[in-house]
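What follows draws every value from the coordinates through simple rules; no lab data is involved. This structure is a prediction, so every number in the text was calculated from the model and none was measured. When we count neighbours, we look across all protein chains shown, and the Cβ atoms used for this are built from the backbone with ideal geometry, even at glycine.
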Amino acid sequence: EVMGTTLTYKFALQEDGYYAAVNDESKLINKVSADTLSGFIGLELTDFYSSWISLNSIDDISHFKVSAEGTVYDFAIAANEDEDAEDSYVITANGESIDCSSFQNLYQYFISLACTDYTVDNVTASADITVDFDFHDGSVSSIKFFKSGETRYQYSVDGIHMGKTTSASMNKFIKYLKQVAAGETISNIS
């Protein structure tokens, strides 16, 4: 099922080693090689999941807000109107101008965070880290991270629990977040 449309496919092995294949809307029977199916048949549901936690383009957001350790870091992002400027964006952190390149490095680190485990636990505690996106079109999105043992954070996207990421990567994110918000210049984040 994709976006509300469901198709059921049926495959039947033929004497020549190929498969006959049809779906609910087929008018013809397709011939499919076994090699083609081997990369598809036997996959688990999680094999279709994206490992990226966030896929929000910096061009689409006006505010990137992070709440962590009792502090809110509010980064405002605006296109730079000066065509001759080196930076594409004007970035402020809680109202103070900050280095655009450092923020872009921080943001790139955040959007490169990956899910390492698709299992989810029943979470009743409040989030340890919350990341809110305000989009130029007026919509909002929220990613919440919940401590899940010593080595993991479980995360939810707009209230739907998706999986877990490592504590080490989240600890690095918080470290870089504090540095950028304090006006430090950072590069080569990994």
222 nm [θ] for the chain, helices only, -39500 (n - 2.57) per DSSP H run of 4+, per residue, to 500?
-5000 deg cm²/dmol
Net charge near L7: determine it from the other residues with C-beta under 11 Å of the C-beta of L7, scoring Lys and Arg +1 and Asp and Glu -1.
-2
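Relative contact order of the chain: what whole-number percent is it, with Cα pairs under 8 angstrom and at least 6 residues apart?
Numbers: 299 pairs, mean separation 32.1, N = 190.
About 17 percent, as a whole number.
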Using alpha carbons only, how many angstrom separate the centre of the range 1-24 from the centre of the range 35-72?
28
Computed label-point distance, nm, for sites E69 and Q179 using a 7 Å Cα→Cβ extension:
1.3
Interchain or long-range residues, amide H under 5 Å from S62's placed H
D134, F135, H136
Just to confirm the number: angle between the C-alpha axis of helix 167-181 and the first principal axis of the chain, 0 to 90 degrees, nearest 10?
40
Charge context of V66, other residues only, Cβ under 13 angstrom, K/R +1, D/E -1:
-1
